[in-house]
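Asker: I'd like to ask some things about the structure below.
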Amino acid sequence: MKSKTNSNSTIATGFINGFKKGTPIALCCIPGAIAFGILAKTASLTAWESVFMSFIVFAGASQFVAVNLFTLGAAIPEILIAVGVLNMRHMMMSSSLAKKYLPNTTFLQKFWMGFEMTDETFSLAAMQKEDYLSSEFVMGLNLPLHFTWTTATYLGWIGTSILPDSVQESMGIAIFAIFMGLLIPSVRKNRAGLIVTAIAMAMSAYIKWTPFLDATINKGVSIMITAGAAALFGAIVFPRKEEGEQKPL
Amino acid sequence: MTKIIILSVLMMLVTAPSRILPAFFLTGRKLPPFVESFLYYVPFTILGSLIFPDILNSTGNIYSSIAGAAMAFLLAWFGRGPLLVLTGAIFTAFIVSHI
């Protein structure tokens with residue numbers, strides 16, 4: 001099987017390529033990080049605590065939930081369970097992405113690539129056309145988001161919202177537009193991919209629009225259930241042939 | 001060490017392994033075809049679940065969200081680059097929220 005990677009001749013160019021690809025998605029997350037900074041401040045976290053949390057936890061939804069629960073006076077184990085459940089979906093993403101890591105990736109590289117993986121950078125990395133991704137490319141891709149997430153948390157805490165409210169509201173669609181820009185070109189000519197995507201969307205809407213389910217299932221679990229079931233459906237109904245027959249992502 | 005710092009460290013200990021461990025166990029490993037198929041479809045379905053229906057509330061106004069989403073869909077379908085999809089969606093949502 002031909003193992004095409006996107007690593008160019010040197011480590012530096014691979015890293016820079018990744019960095020360039022990761023920058024737009026990192027900019028999209030600035031409003032979210034600012035919002036977290038503002039929330040953290042209203043929950044009376046110090047600037048240092050807020051930035052520390054953004055840096056080492058680096059999981060948007062989990063941080064919002066944790067700070068919310070914290071202000072409501074929830075116990076730490078309770079918060080940890082909520083966060084753990086919310087993040088289980090990352091196991092599925094990381095497993096899927098691990099298939100694109102080169103076999104010779106070192107311990108530290110695997111550790112850091114895993115640590116910095118998020119919904120956004122996973123989507124970006126998984127939708128690259130190459131069969132394999134070099135670790136410097138993936139690390140270059142992850143870094144801008146980690147950096148802007150942390151610094152914009154600080155900006156939000158300080159209370160400097162750079163953009164006017166009306167623009168910020170319209171910016172809410174940014175991350176979804178990026179997701180569509182990644183998804184649609186790769187399912188356009190892939191019937192099986194298109195069908196499983198539509199199933200995942202329909203199930204996710206069903207949960208969201210059924211008040212009882214929406215109240216009992218948090219977003220992380222909903223993603224895991226709906227994406228998992230739709231992928232399972234794909235694996236059963238459209239099993240993939242042996243390597244090379246179908247074009248990989 | 002404040003309570004928040006301790007909480008953050010514990011949160012990291014809960015969230016990080018779910019992202020890190022698969023990189024160790026699955027990199028370069030051949031899995032049964034069924035599991036490979038499943039993992040192949042995961043990126044599509046995750047994106048599907050992430051996008052829909054949350055995109056409809058993304059701007060705080062359903063009409064501007066739908067307009068922005070439609071613009072993003074069209075631009076992406078006709079093969080425009082990510083930057084145009086992004087700016088097209090934001091611009092459309094912005095315009096529609098002002099009429």
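Asker: Run down A:124, A:133, A:145 and say which single residue is modelled with pLDDT of 95 or more, surrounded by 18 or more Cβ atoms within 10 Å (Cβ to Cβ), assigned by TED's automatic domain parsing to the domain that holds residue A:104 and within 20 Å of residue A:91 (Cβ to Cβ).
Answerer: Only one candidate passes the filter, namely A:145.
Asker: For the stretch A:166-177, indicate whether the set of residues that are under 30 Å from residue A:47 (Cβ atoms), more than 22 Å from the chain's Cα centre (by Cα) and among the acidic types (Asp, Glu) is non-empty.
Answerer: No, that holds for no residue.
Asker: Then there's this: Filter the stretch A:9-46 down to the residues that are of a type in the set (A, V, I, L, M), surrounded by fewer than 19 Cβ atoms within 10 Å (Cβ to Cβ) and in a helix (DSSP H, G or I) and list them by number.
Answerer: Within the stretch A:9-46, A:11, A:12, A:16, A:27, A:35, A:38 qualify.
Asker: Taking the stretch B:55-79 as the region of interest, how many residues are facing another protein chain (nearest Cβ under 7 Å) and over 12 Å from residue B:93 (Cβ atoms)?
Answerer: Residues in the stretch B:55-79 being facing another protein chain (nearest Cβ under 7 Å) and over 12 Å from residue B:93 (Cβ atoms): 4 in total.
Asker: Would you confirm, using the coordinates I've provided, whether residue A:49 is farther than 28 Å from residue A:176 by Cβ, modelled with pLDDT of 90 or more and part of a helix (DSSP H, G or I)?
Answerer: Yes.
Asker: Quick check, is residue B:80 among the basic types (Lys, Arg) and surrounded by 14 or more Cβ atoms within 10 Å (Cβ to Cβ)?
Answerer: Taking the combined requirement at face value, the residue satisfies it.
Asker: Please go through the stretch A:70-113 and give me each residue that is assigned to a helix (DSSP H, G or I), among the hydrophobic types (A, V, I, L, M, F, W, C) and under 16 Å from residue A:220 (Cα atoms), ordered by number.
Answerer: The answer is A:79, A:80, A:81, A:82, A:83, A:85, A:86, A:91, A:92, A:93.
Asker: Go through the stretch A:216-249 and give me each residue that's in a helix (DSSP H, G or I), among the hydrophobic types (A, V, I, L, M, F, W, C) and at pLDDT below 90.
Answerer: A:221, A:223, A:224
The values are calculated or read from the model by the stated rules, or taken from the named source; none is laboratory data. All figures in this text were calculated on a predicted structure; none of them were measured in a lab. Here Cβ is always computed from backbone atoms with ideal geometry, including for glycine, and neighbour counts include all displayed protein chains.
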